[in-house]
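So the structure is just underneath, and the comments pick up after that.
The values are calculated or read from the model by the stated rules, or taken from the named source; none is laboratory data. This is a predicted model, so every value here is computed, not measured. Cβ: placed from backbone, ideal geometry, glycine included. Neighbour counts: every protein chain shown. Just the protein is used for accessible areas: all its heavy atoms, side chains included, with ligands, DNA and RNA removed. Shrake-Rupley method; radii C 1.70, N 1.55, O 1.52, S 1.80 Å.
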Amino acid sequence: MKTAQRMSRWKKILIWISVVVVALVVGLFVYLSSVTYSPSEQAEAAMQSDGQVLVTEVKQGYRFEPQGTEAVEPNIVFYPGGLVEPSSYSPLARTMAEHGHRVYIAKMPLNLAIFGLNKADSFIAEHPDEAYVIGGHSLGGAFASRYAAEHADQLEGIFYLASYADDGGSLKDTNLSALQITGSNDGVLNWEEWEKTKTNLPKDTTFVSIDGGNHGQFGSYGMQKGDRTPEITEDEQLKQVVQALDNWFNSLNK
């Protein structure tokens, strides 16, 4: 009888624990959804295929590729910023596809790159004999750097948008090329860490500062908490990012 009572008591305890765990998980999902940045109308429009760019949802994210012509190398893998929906970077991906590149935007679990470090694997596997670069925005850039540190032999280079290489993503002993782009009005980037971690970058690193650009306008999802007001438009910031990428790609081919 006592054994049956103990089993009943433990069963109730386990049920209570299960209910608490479920409630915490649901609460976490609700909270993260409430603080996640969604794509702007412009970004949603850029997700649509047309005569120039084919947009396809693939297993680990989205692929943008030029229509009617073969893609030029390098292919581009992009890791989104923390708590930012991947489609928020579609204007950048579409523009680079219009310039001839195949672009992949990774979908991260909970929109946090910390849980999707190796998302690039499936993208690179699509065309393993072609050249790739990887990059990312903010948290995404830091984890793109960690990926690059472990797969330097599969990449031509890495680019950082309002981001940096932390110690876990140090590339100082690699032969990769790097491009680091920042906005002068960025109120989210930890500038002290950005400066300190320059020692983790490869010797071949190009720095570009966008005068008047801020943190959020590296994507297209509106004003980010803690950011400073930009002094240029989102389209102008995008234009300068694309120009910097084009110039960097040209240097890779020399």
Return the total of residues in the range 52-70 being modelled with pLDDT of 95 or more, loosely packed, with under 14 Cβ neighbours inside 10 Å and small (Gly, Ala, Ser).
0
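Being at pLDDT 95 or above, open to solvent by less than 60 Å² (accessible area, probe 1.4 Å) and over 30 Å from Lys225 (Cα atoms) narrows it down to one of Gly100, Gly82, so name that one.
Selected residue: Gly100, the only one of Gly100, Gly82 that is at pLDDT 95 or above, open to solvent by less than 60 Å² (accessible area, probe 1.4 Å) and over 30 Å from Lys225 (Cα atoms).
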Residues in the range 1-22: is at least one under 24 Å from the mean Cα position of the chain (by Cα) and either at pLDDT 95 or above or open to solvent by 90 Å² or more (accessible area, probe 1.4 Å) (or both)?
no
Those residues of the range 121-162 that are of a type in the set (S, T, N, Q) and touching a residue at least 60 places away in the same chain (Cβ under 8 Å) come to a total of 2
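Residue-wise test of (1) β-branched (Val, Ile, Thr); (2) closer than 22 Å to Ala152 by Cα.
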{"residue": "Met47", "(1), (2)": "no, no"}
{"residue": "Val55", "(1), (2)": "yes, no"}
{"residue": "Lys59", "(1), (2)": "no, no"}
{"residue": "Tyr62", "(1), (2)": "no, no"}
{"residue": "Ser88", "(1), (2)": "no, no"}
{"residue": "Ser138", "(1), (2)": "no, yes"}
From the residues in the range 212-239 that are surrounded by fewer than 19 Cβ atoms within 10 Å (Cβ to Cβ) and polar (S, T, N, Q), which one is farthest from Ala97 (Cα to Cα)?
Thr229
